[in-house]
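Take a look at the structure set out below.
Values in this text are rule-based calculations from the coordinates and carry no lab data. Everything numeric here is computed off the predicted structure, so don't read it as measured data. Cβ coordinates were reconstructed from backbone atoms using ideal geometry, including for glycine residues, and neighbour counts include every protein chain displayed.
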Amino acid sequence: MESAPPVSLSDLDALARRFAGERHDAYSERLLARAYEEFLSRRRTALAPFVLTADGRELANFYALLAEPEATIGSIEFRLDPVPPVGAAWEFLQPFERIVLRADGSADVHPVEPGPPTRAIARLLLREHYLPRSRTDMDRAAAGGQRVELPGLFGTVDQGLAACRQQGLVPFCVTLLVYFPAERIQYDLDLFRSSLLADPRAGRLAASRRVRRTSRLSWSLDRMVARGDLSLLAARAIVVVAESNGLTAVELAHIFGGGREIVDSALQGLVARQLLSYDHRTGIYRPQLDAFLPSTTPRPGRAAVTPAGTDPALRMSVQELLAAADARAQCPLCGAPLPEGPRTILCADCTAKVSAT
């Protein structure tokens, strides 16, 4: 399977100059060139190339869509061409033939095998990118100037495009977060080569080590990661550890590449934020799941989680997602549905039986 040739640096440079104006000076051009080469050098395994379609109109790549500020998008389709066969390549992912993103933030996930699509909620998470910064901007930042706040989680493609145009931001890779009633699946999209990337755990970690988390918990985790105050390695590591019962720095270095010391440093930073715990006897890092859930009372030593955005459509769709998750909640012992309202681990009958033993 051959992926498309990467988009040229000159095309990205023209986009940055068009939307960032004077901020993309000669100094910024050199920084963009460096970021471009660094991203190409970190090439991950491509699962399949995708074809991007906007309202039925096929585009050369994502940047062609970004260059059309006057366009109003009704639907966006990511279609794999060719579709890889179901198997080991899809480890940690849910196979699909195409995903259609709607203007209301919903998504239709079409399976590889013939059949009706699955309805879900989709969000775009900004991953690797370049923000134009002139020499003046860098000097101001070094002197303690105000930091540019970038939104990291977008309810629709249109919102993501608008943010990129407003800031002059050039995205390299985005993550398509698809929330199903029972779980969230994340698909990393390499925009340079228009390709779907394999999960970094595929072939490096046994699939049985994955713990499937609910969409409710994954939404809180994704919102926390989207704040943008974690390094790229830390942001990727926290998601992988959260979907496990614990991993060592050696295992994570095998998944992400690089030296154990670099990975260990990122993990210790997450421990300091009380997002992970560390067992000194075994060297295992475990997720602190309660740290991802929103709370009106900040945990000791940790800032309260800030809500992501105020878009009414986003809030409504998330409420629908959580309602769907609540409707499917079951007692892990007997399988009976749990009632609405505040959650307990077990149903009333099983709680009484456990208390009586």
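Here are some notes:
- 10 Å binning of all Cα-Cα separations within the range 10-103, expressed as whole percents from 0 upward: 13, 31, 33, 20, 3
- On full extension, the segment bounded by Arg212 and Asp290 gains 26.5 nm, given 0.36 nm per residue less the C-alpha separation.
- Label zone (Arg18, point 7 Å along Cα-to-C-beta; backbone nitrogen cut-off 11 Å) within the range 32-69: 63-69.
- For the range 276-289, the Karplus equation 6.51 cos²θ - 1.76 cosθ + 1.60, evaluated at θ = phi - 60°, returns couplings of 10, 10, 10, 9, 5, 6, 9, x, 9, 9, 10, x, 9, 4 Hz by residue, with Gly and Pro reported as x.
- Principal axis dimensions, largest first and in whole angstrom, of the range 137-281 by Cα: 46, 39, 30
- When each of the peptides 251-258, 217-224 is scored by how many other beta carbons lie within 10 Å of its residues on average, the order from highest to lowest is 217-224, 251-258.
- Three-way shape call for the range 85-210 based on the alpha-carbon gyration tensor, with the a/c threshold at 1.5: prolate
- Take the Cβ atoms of Arg34 and Thr136, set R0 to 25 Å, and the FRET efficiency comes out at 0.85.
- Order by protection proxy (mean Cβ within 10 Å, highest first), peptides 189-202, 87-100: 189-202, 87-100
- Radius, Kirkwood style, for the range 63-124 when every pair of distinct Cα atoms is counted (Å): 13.2
- Chain lengthening between Asp279 and Ala64 when straightened (0.36 nm per residue, less Cα-Cα): 72.6 nm
- Kirkwood radius for the range 175-239, taken over all pairs of different Cα atoms as the inverse mean of 1/r, rounds to 13.1 Å.
- Summed residue charge, Cβ within 11 Å of Leu59's Cβ, Lys/Arg positive, Asp/Glu negative: -3
- Protection proxy ranking of 244-250, 46-52, by the mean of other Cβ atoms within 10 Å over each peptide's residues and highest first, is 46-52, 244-250.
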